[in-house]
Amino acid sequence: MTIGSPFDGSPDHELGAALRALLSPGEDAAFAARVLARLEPGSPWEALAQWARPGLAAALLLAAALGFWFTLASMPPAELAGPRSTLADAAFGSAGTIDREAMVVAAMGPGR
Amino acid sequence: MAPESDAELLRLSRAGDHAAFGRLVERYAPLVRRLTASVLRHAEDADDAAQEAFLSAWTALGQHDAGRSFGPWMARIALNAARDLARRRRVRATEPLPPELAGQGPGTDQMAERGDLRRRLGAALAALPERQRVAVVLFEVEGYSHAEIGELLGMPEGTARSEVFHARRQLRAALGGGTEAPR
């Protein structure tokens with residue numbers, strides 16, 4: 001067939017057949033089965049999708065816990081003891097003497 | 001068993017019937033896979049995009065106008081899926097049509113000639129702009145009219161006609177001079 005005009009609206013069957021052969025990969029039934037497998041409940045894709053969110057949350061929790069543990073493990077013991085906060089700590093100064101005023105404030109609260 | 005109409009399969013699919021949708025997939029897989037292949041020019045990417053297109057269609061079945069044909073709606077989804085994948089895999093999309101898309105390699109002289117013809121056609125198709133590739137496939141392979149192609153590709157009918165004309169001229173030249181059919 002000669003293609004002489006853009007207004008020639010009739011298809012070129014031989015060109016169509018050549019293009020069809022070129023572009024058709026075949027095995028359409030197998031392809032359809034692959035698509036359906038992704039729709040079926042219990043398919044690997046669906047299972048992945050179902051597990052994705054809780055899996056991600058668990059991974060984040062685990063990462064946070066590991067990070068916390070690693071931070072604790074890498075701290076010097078002095079820092080682990082933390083600031084003095086007990087009544088005894090407040091009452092006794094660094095020299096081991098009783099600081100009465102601090103003891104009263106610690107026991108009764110400020111403003112009394 | 002009488003063949004089921006698209007409308008009946010669509011009705012069942014909308015109700016969640018996977019088997020009915022599977023029959024639609026089988027029916028429209030050739031069209032969708034050819035369109036994605038013509039956009040992407042890569043066999044595996046084309047199949048990936050075709051699968052994504054059907055999965056998108058499954059989730060959007062409620063949006064399909066029951067009064068209109070399923071084919072053009074599905075074709076539009078396929079083109080969108082292919083273009084989306086092409087954007088994500090820009091590098092691959094610039095590669096020429098691979099030999100595996102043209103089927104098995106030649107074994108005899110006749111097959112070698114046929115294989116050579118396919119290679120030339122594949123190269124000529126790959127050299128066309130995307131909208132010409134899609135337009136000529138829709139016209140020559142899928143039997144769409146110029147008006148339908150224009151509507152699908154978002155261009156006037158006259159432009160679609162022109163795109164098909166220029167694409168055909170290039171492809172015919174690649175197949176052997178422009179006037180003789182391939183043997």
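Assorted remarks:
- Criterion violated by B:Leu61 - all others in (1) at pLDDT below 95; (2) open to solvent by 20 Å² or more (accessible area, probe 1.4 Å); (3) closer than 23 Å to A:Ala37 by Cα satisfied: (2)
- Residue selected from region B:64-76 under the condition part of a helix (DSSP H, G or I) and open to solvent by less than 30 Å² (accessible area, probe 1.4 Å), by the criterion nearest to the other protein chains (Cβ to nearest Cβ): B:Met74
- Some residue of region A:1-21 being over 30 Å from B:His146 (Cβ atoms), facing chain B (nearest Cβ under 10 Å), in a loop (DSSP other than H, G, I, E, B) and modelled with pLDDT under 80: no
- When region B:4-23 is filtered for residues that are at the interface with chain A (Cβ under 9 Å from one of its Cβ atoms) and open to solvent by less than 50 Å² (accessible area, probe 1.4 Å), the ones remaining, listed by number, are B:His18, B:Phe21, B:Gly22.
- All positions within region B:149-173 that are within 17 Å of B:Asn80 (Cβ to Cβ) and open to solvent by 50 Å² or more (accessible area, probe 1.4 Å): B:Glu151, B:Gly154
- Scanning region B:30-49 for residues that are facing chain A (nearest Cβ under 10 Å), buried (at least 24 other Cβ atoms within 10 Å of the Cβ) and of a type in the set (A, V, I, L, M, F, W, C) yields B:Val32, B:Leu35, B:Ala37, B:Ala46.
The values are calculated or read from the model by the stated rules, or taken from the named source; none is laboratory data. Since the structure is predicted, the reported quantities are computational estimates derived from the model, not experimental observations. With ideal geometry, Cβ positions are generated from the backbone for all residues, glycine too; neighbour counts draw on all protein chains shown. Surface accessibility is based on the protein's heavy atoms, side chains included, excluding ligands, DNA and RNA. Shrake-Rupley method; radii C 1.70, N 1.55, O 1.52, S 1.80 Å.
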